[in-house]
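Enquirer: This is the structure I have questions about; it appears just below.
The values are calculated or read from the model by the stated rules, or taken from the named source; none is laboratory data. Owing to the predicted nature of the structure, the values given are computational and were not obtained by experimental measurement. Glycine also receives a Cβ, built like all others from the backbone with ideal geometry; neighbour counts cover every protein chain displayed.
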Amino acid sequence: MNKVLAYFKNKSDFAFSQEIMVYGYEFNYPYLLVSSVLPYLFDDLKITENIAPENNSNRDGRVRFKKYIVIHDTGDTTKERNAAFWSNVVKTQQYKNKCYDASFQYVVGNDGIYHNIPDDEVAYHAGDGTSVEYKLYDTPVKVQDYAKISIKDGYYYINDENTLLLAPKTDHILTSKDINDNGILITQKDGFYQIGETYFNQTYQKIANRGGNNNGIGIEVCINQTADIYLNYQLTAKLVAKLLDSYQLDIKSIRPHHFFSGKNCPQTLRENHLWDHFLELVQTEYDILQFQKEGYQIQFVPLCDHIAPNGRIKDISKVIYYQIKTIKDGIVETYEYKS
Ligand SMILES: [Zn+2]
């Protein structure tokens, strides 16, 4: 068995379903999330270009280096609010008879992936403003097995050692409890920790990280009622994997909107504890993309009628059978899977 077929075999007991709640600003709805047969969507990445005009006020135009992929959901459960809808809101700047000032690079729904703002430009989605860039500060704290950040007497500490870097200030004294749920950016350089640029977000009353609007590529995931929500997560994972590959970013570059502002976004992924699962989808899409770049063609063949040609499961209660076929250098190999 070649490494591609073995890779899928390792993941062949993946299928699951989970009752979740989908959260919207108009209403919430309960939903049975059903996975695909594998954490990989057997379909090509298709992107519809729908770039906002250069004279739009939500198209900043400034070009910045990109360090992050920023994941959102639309928070919009209304049936008709799919990707085309939100893409056109950005493009026309018209929403509920008001000028729409926000923007994001992509929006993903069952109706496709729409591209609104060029990847290398600034967009308005992360809530961290555009005045301060992604930046790292050196600390005198040596790299250890783990890094736990806290705030004492106004300074950031890592593993109880003073970094000599001041935490943000506001009208009251900030403590570790004021840090957003996803923490502060910590990286390593020459055996020492570095800390990213942070600020206090007045709207959400949280210490958060800079670099979302300037140095992120913003992606909105649709959660509209009647949509196949899992398909949206898989389409997003495929897009993110491609962006990681294109811009030579690693999996740590993927951050939820919350990390940059303290907002509860993407709320449905957060509240249903699906963030790590989403990262697993991205990692799998990324790994398969690397196999494809090595020259493997990969085909999925359903061997029962309750799975779709892209690997989506139509009936989770039944046993699933499928075949995966690889072609490389004229050599065809197949393997049959059951779960
Ligand atoms: Zn968001």
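Enquirer: Scan (1) more than 22 Å from the chain's Cα centre (by Cα); (2) surrounded by 13 or more Cβ atoms within 10 Å (Cβ to Cβ); (3) of a type in the set (D, E, K, R) for the single condition residue 160 breaks and write down its number.
Expert: (2)
Enquirer: Pairs under 7 Å by beta carbon, first residue more than 17 Å from residue 228 (Cα to Cα) in region 77-105, partner assigned to a loop (DSSP other than H, G, I, E, B) and among the charged types (D, E, K, R), six or more apart or different chains?
Expert: Correct list of pairs: 103/59; 105/119.
Enquirer: Given the criteria closer than 30 Å to residue 83 by Cα, assigned by TED's automatic domain parsing to the domain that holds residue 43 and crowded, with 22+ Cβ neighbours inside 10 Å, does residue 112 qualify? So that I can check it myself, show each step before the final result.
Expert: Values: closer than 30 Å to residue 83 by Cα: yes; assigned by TED's automatic domain parsing to the domain that holds residue 43: yes; crowded, with 22+ Cβ neighbours inside 10 Å: no.
Spelling it out, it is not the case that residue 112 is closer than 30 Å to residue 83 by Cα, assigned by TED's automatic domain parsing to the domain that holds residue 43 and crowded, with 22+ Cβ neighbours inside 10 Å.
Enquirer: Going through region 194-247 one residue at a time, which ones are of a type in the set (Lys, Arg) and either assigned to a helix (DSSP H, G or I) or surrounded by fewer than 18 Cβ atoms within 10 Å (Cβ to Cβ) (or both)?
Expert: The first filter runs over region 194-247 and keeps only residues of a type in the set (Lys, Arg), leaving 206, 210, 238, 242.
The answer is 238, 242.
Enquirer: Something else now. May I ask you to verify whether residue 298 is more than 30 Å from residue 184 (Cβ to Cβ), in contact with a Phe, Trp or Tyr (Cβ under 9 Å, 6 or more places away or on another chain) and in the same structural domain as residue 8 (by TED's automatic domain parsing)? Spell out how you get there, then give the answer.
Expert: Numbers: more than 30 Å from residue 184 (Cβ to Cβ): yes; in contact with a Phe, Trp or Tyr (Cβ under 9 Å, 6 or more places away or on another chain): yes; in the same structural domain as residue 8 (by TED's automatic domain parsing): no.
Criteria not met by residue 298.
Enquirer: Okay, moving on. Restricted to region 65-88, and to residues that are more than 14 Å from the ligand (Cβ to nearest atom) and not in a loop (DSSP other than H, G, I, E, B), which residue is farthest from residue 266 (Cα to Cα)? Lay out the reasoning, then the answer.
Expert: Here is the first cut: in region 65-88, the residues more than 14 Å from the ligand (Cβ to nearest atom) are 65-67, 77-85, 87-88.
From what is left, the residues that are not in a loop (DSSP other than H, G, I, E, B) are 83-85, 87-88.
On the way: 83: 16, 84: 19, 85: 19, 87: 18, 88: 21 Å.
If we take residues in region 65-88 being more than 14 Å from the ligand (Cβ to nearest atom) and not in a loop (DSSP other than H, G, I, E, B), then 88 is farthest from residue 266 (Cα to Cα).
Enquirer: Another question about this same structure. Does any residue of region 269-288 turn out to be in a loop (DSSP other than H, G, I, E, B), in contact with a Cys (Cβ under 6 Å, 6 or more places away or on another chain) and crowded, with 18+ Cβ neighbours inside 10 Å? Steps first, answer last, please.
Expert: So in region 269-288, the residues in a loop (DSSP other than H, G, I, E, B) come out as 272-274.
Pick out the ones that are also in contact with a Cys (Cβ under 6 Å, 6 or more places away or on another chain) and you get none.
Checking region 269-288: not a single residue is in a loop (DSSP other than H, G, I, E, B), in contact with a Cys (Cβ under 6 Å, 6 or more places away or on another chain) and crowded, with 18+ Cβ neighbours inside 10 Å.
Enquirer: Still on this structure: Within region 171-192, can one find any residue that is outside any strand (DSSP E or B), touching a Leu at 6+ places or on another chain (Cβ under 9 Å) and either more than 30 Å from residue 53 (Cα to Cα) or among the basic types (Lys, Arg) (or both)?
Expert: In the first step, residues of region 171-192 are kept if they are outside any strand (DSSP E or B); the result is 171-178, 180-185, 190-191.
Checking the rest, the ones that are also touching a Leu at 6+ places or on another chain (Cβ under 9 Å) come to 185.
Within this subset, residues satisfying the condition of being either more than 30 Å from residue 53 (Cα to Cα) or among the basic types (Lys, Arg) (or both) are 185.
Yes, there is a match, as at least one residue in region 171-192 is outside any strand (DSSP E or B), touching a Leu at 6+ places or on another chain (Cβ under 9 Å) and either more than 30 Å from residue 53 (Cα to Cα) or among the basic types (Lys, Arg) (or both).
Enquirer: Taking region 213-269 as the search range and keeping residues that are more than 16 Å from the ligand (Cβ to nearest atom) and of a type in the set (Asp, Glu), which one is farthest from the chain's Cα centre (by Cα)?
Expert: Here the answer is 228.
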